[in-house]
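The values are calculated or read from the model by the stated rules, or taken from the named source; none is laboratory data. Small disclaimer: the values here were computed from a predicted structure and weren't measured. Please note: Cβ atoms are built from the backbone with ideal geometry, for glycine as well, and neighbour counts cover all protein chains shown.
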Amino acid sequence: MFATIGHTFELIKMSWRVFQKDRELIFFPIMSAFAMIAVVGAFALVAASTGTFDRMEAVQDKVPGAEMSAADVVMGVLIFFFTTFIGIFFNAALIAAALERLRGGDPNVASGLRHAMRHIHAIIGWAVIAATVGLLLQLLRNLARDRFGFLGEIAVSAVGGVWAYLTFFVVPVLVAEGLGPIEAFKRSKSMFTKTWGRQFTASFGFGLVYLLAVLIALIPTAIMFFIHPILGIAVGAFLFAIALGTVAAMEGIFKAALYEYANGEAPMEFDTPTLSGAYRAL
């Protein structure tokens, strides 16, 4: 297990070196975040003007007779779908650009976006599936928490984890093989047994890297906040965007490289023996 984790961190270092050659990849997760903020903000304005927030608060406080309207539910579903679609679309653009680099090309933001747009119908289809499953898991999690407490919530979270691993390669398959969402899911699932150990340790490794990025951004943000709150917010927004965007870009490169190797390819910029060693079972 420790050898596998060691290989994971070596691959993270290689992802960093690839990122240094294409730093513009950071714009994909940053654009995704801004697009999500814009969409959520627009829906929030509509919700505030139509009384949705008041009804939500009344339901949460268990006010007698309080209930959500059908329009409130539809709005909630639409928010979930649009944010899911945005995340998948920009992730697809990132992975398309990363694959271009790993195959010897010289990608940029425009080329990644163009490639994602060529598969927009499949991306929308997968967004519908992913959002539906996400909503069902959230409903099950709430139900399990109410019925069985903490253990029930853990059980549903475990199911969500399995879903995340089974769908690990869906986006690379969508942009690299041009399959539809159902076929891409089947293809990703077929690769699961070969790569599950790598997926597990990748989640662990990048989780630590995300934590480190947050800490690096947090320290100067806190200092600036004590000097002046507005300055702290401005500096924090910039630093967190850079820190988290960098890690997200590296994670996309990592996934692209793993996808290539799982297909029998030797991605450029990555050490083949390290990739091979990363497939040892935990």
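For the structure I just gave you, tell me whether ALA38 is outside any loop (DSSP other than H, G, I, E, B), exposed (fewer than 15 other Cβ atoms within 10 Å of the Cβ), at pLDDT 85 or above and out of contact with any Leu (no Cβ under 9 Å at 6 or more places or on another chain). Write out each step before concluding.
Details: outside any loop (DSSP other than H, G, I, E, B): yes; exposed (fewer than 15 other Cβ atoms within 10 Å of the Cβ): yes; at pLDDT 85 or above: yes; out of contact with any Leu (no Cβ under 9 Å at 6 or more places or on another chain): yes.
Judged against the criteria, ALA38 is a match.
Can you tell me which residues in the stretch 45-85 are surrounded by fewer than 20 Cβ atoms within 10 Å (Cβ to Cβ) and closer than 30 Å to VAL170 by Cβ?
VAL73, VAL74, MET75, GLY76, VAL77, LEU78, ILE79, PHE80, PHE81, PHE82
Could you check the stretch 52-93 and list, in sequence order, the residues that are under 27 Å from the mean Cα position of the chain (by Cα) and among the acidic types (Asp, Glu)?
ASP72
For PRO107, are the conditions met, namely being closer than 26 Å to MET250 by Cα and assigned to a helix (DSSP H, G or I)? Outline the logic, then answer.
Details: closer than 26 Å to MET250 by Cα: yes; assigned to a helix (DSSP H, G or I): no.
Judged against the criteria, PRO107 is not a match.
Of the residues in the stretch 104-125, how many are buried (at least 16 other Cβ atoms within 10 Å of the Cβ) and in contact with a Phe, Trp or Tyr (Cβ under 8 Å, 6 or more places away or on another chain)?
4
List the residue pairs whose Cβ atoms are under 6 Å apart, where the first residue sits in the stretch 70-90 and is aliphatic (A, V, I, L, M), the second is assigned to a helix (DSSP H, G or I), and the two are 6 or more positions apart or on different chains.
Listed by first residue and then by second, the contacts come to ILE79/PHE43; ILE86/SER32; ILE86/ALA35; ILE86/MET36; ILE88/ILE123; ILE88/ALA127.
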